[in-house]
Ligand SMILES: [Zn+2]
């Protein structure tokens, strides 16, 4: 049930064709798990919050540092040295106090996903390394949770939405494990913010039934030339995570 204040707050999106009061209620009743509260995940958390998501679970293990500040829209200079997830929660609570926020100041691991994943209706992967991305992908496939993969590097970004056993999982897309486990890749805040916004839109679509999510599609864009492209993706029968599976 939406309150009178909520109907007023969200009236400019409730009127979007295909959205309506039912979609707003579904958002309020939904939980999104966002793995990584950086330039991508922080932006996704912000826009899901202002859209009226009911609950967020935010995970991140690091403290805020000065070089993070070119992209951290939920953080202020005075928060440097503090845990990012707590600062993110504090900022979101000021922006939309109706959102319930649970934080986990830790990396993605099998142990913590066992506890938090069953609570999520959708998961957004914003981690900076393939070790955590692979763990998240494997557990989302195993628990049949819809996973939105959002990634960026330099001036480029990538986005796809995975339904386990129906669309290609991360391991189908990247069967070879890239040696990509480092901090320090280039980031322009406006690019990480853009892919964060797009991942929030994907989550809203998945949760409400609005529009067509990027199922079996990869959106790639290079903001240097402002080129946006969509590619078809295919499941791999030999995928080590989702291949050869027949749920029937
Ligand atoms: Zn797969």
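Please treat every number below as a calculation from the coordinates, not as lab data. Since we're looking at a predicted model, the values are computed, not measured. Neighbour counts are summed over all protein chains in view; Cβ atoms, including those assigned to glycine, are modelled from backbone coordinates with ideal geometry.
Below are the figures for this structure:
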item	result
Fully extended contour minus Cα-Cα distance, from residue 7 to residue 231, at 0.36 nm per residue	76.9 nm
Volume of the Cα convex hull of the stretch 102-221, divided per residue and given in Å³	117 Å³
Euclidean distance between Cα centres, the stretch 25-86 to the stretch 144-207, Å	16 Å
Sorted by Cβ neighbour density within 10 Å, fewest at the top, the residues 172, 140	172, 140
Length added when fully stretched, residue 142-residue 111, from 0.36 nm per residue minus Cα-Cα	9.8 nm
Residue order, fewest to most surrounding Cβ atoms within 10 angstrom, among 163, 80, 148	80, 163, 148
Rg/Rg_ref, the chain, where Rg_ref = 2.2 N^0.38 Å and atoms are Cα	0.97
Stretchable slack from residue 185 to residue 15, in nm (0.36 nm times residue separation minus alpha-carbon distance)	57.2 nm
